[in-house]
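Here's the structure we're looking at; comments come further down.
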Amino acid sequence: MDPTVWLGKEGASEALMKQVENQLKTHELVKVKIQKSALSEAGTTDFAEKVVASTGSTLVEVLGHTFTVYKRMELKKVAKSNEVPFRKRFKW
């Protein structure tokens, strides 16, 4: 799986949190790659913990300069129809 979000020298900004949250709504699993310039202020696990706390997701993996988070997608409610799913053809 390739990273879908890159964390740059701006660090864990509000815009980054929104981007991760939007990705989680559509993909459930998001991989974040941290550039070396951002690692001068904090480590990979520190950034991962900030993202997890902000988005309400679960940390799956931390490997090198990347981490993966998971958040279950919300199921859309489907309106119930009055149709009968199976109709008997014959009366016995």
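The values are calculated or read from the model by the stated rules, or taken from the named source; none is laboratory data. Remember, predicted model here, so these are calculated numbers, not experimental data. Glycine gets a Cβ as well: all are built from the backbone with ideal geometry, and neighbour counts include every protein chain shown.
Couple of notes before you dig in:
- Taking the range 1-37 as the range and being within 16 Å of MET73 (Cα to Cα) and in a loop (DSSP other than H, G, I, E, B) as the test, only GLU28 passes.
- Those residues of the range 22-45 which are closer than 18 Å to GLY11 by Cβ and surrounded by fewer than 14 Cβ atoms within 10 Å (Cβ to Cβ), in sequence order: GLN35, LYS36, SER37, SER40, GLU41, GLY43, THR45
- Test: residue in the range 38-60 that is within 10 Å of the chain's Cα centre (by Cα), among the hydroxyl-bearing types (Ser, Thr, Tyr), assigned to a strand (DSSP E or B) and modelled with pLDDT of 90 or more: yes
- Residue count, the range 59-74 (criterion: more than 14 Å from THR4 (Cβ to Cβ), out of contact with any Lys or Arg (no Cβ under 8 Å at 6 or more places or on another chain) and either of a type in the set (A, V, I, L, M, F, W, C) or surrounded by 15 or more Cβ atoms within 10 Å (Cβ to Cβ) (or both)): 3
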